[in-house]
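No lab work stands behind these numbers, since they all come straight from the coordinates. These figures come from a predicted structure and were not determined experimentally. A quick note on method: Cβ atoms are made from the backbone with ideal geometry, for glycine too, and the neighbour counts reach across all protein chains shown.
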């Protein structure tokens, strides 16, 4: 049940992200850098292609909130490069990127890219936004505090899970999350289209419901009772 709800939400979120990015893009999508990192089918295998060549990631991953501080991260990069790694997976939290609705702060992204480039490392960003580990710990305060606009999951005993999880069937959540993600992608396009420091982006992380099998709100119950698109 969690998988079904999560898959439906991800499909809706991805559609919104694609639309937001196409509206924000300064040039047509087919005019983007042809050498941008991408997955490409070559014979029987799919390879990650970076700057026109196959790239094998030797990667390590930080804890969920490690990259929220550039000072904390600063001494870690040389240790990673010495392993040696060529790629680091590190989260970006929505609450840091958009502390005030509609006003984006990309200082953390720019700092992480500068630190990675200094040590000749690539980055995979994990977008921790409306959900992480079946909870909602990383949205901005303006999302967390507005439970009417961004409703919470209802548990089987009809109690709202106010503190832990935003409902997956909220259009407002989908749209706000997608706009923020699109803004991040637009910024990366502007600052990293030549360097290709960022190899991939994970769009959302571990959508689900912690503490129950699924959301029992009226809207979720209606969707759950409807014929499945995945059966």
When a/c is below 1.5 the answer is rounded, else prolate if a/b is larger than b/c, else oblate, so apply that to region 107-147 with a ≥ b ≥ c taken from the square roots of the Cα gyration tensor eigenvalues. oblate
Using the count of nearby Cβ atoms within 10 Å as a rough guide to exposure, how do 66, 170, 164 rank from fewest to most? 66, 164, 170
Using a basic spin-label model with each label point 7 Å from the Cα along Cα→Cβ, how many nm lie between residue 42 and residue 225? 5.3 nm
Can you sort 169, 138, 63 from fewest to most other Cβ atoms within 10 Å of each residue's own Cβ? 63, 169, 138
Fewest-first ordering of 117, 79, 214 by Cβ atoms within 10 Å yields 79, 117, 214
Using a/c under 1.5 as the rounded threshold, could you call region 128-231 rounded, prolate or oblate? The axes a ≥ b ≥ c are square roots of the C-alpha gyration tensor eigenvalues, and prolate needs a/b larger than b/c, oblate otherwise. prolate
Going by the alpha-carbon gyration tensor, a ≥ b ≥ c the square roots of its eigenvalues, is region 34-112 rounded (a/c under 1.5) or, if a/c is not under 1.5, prolate (a/b greater than b/c) versus oblate? oblate
Distance between modelled label sites at residue 74 and residue 103, nm, 7 Å Cα→Cβ extension: 2.7 nm
Two pseudo-spin positions, 7 Å from Cα along C-beta at residue 63 and at residue 196, lie apart in nanometres by 3.4 nm
State the dimensionless ratio Rg/Rh of region 76-139 (Rg: radius of gyration of Cα atoms; Rh: Kirkwood radius). 1.05
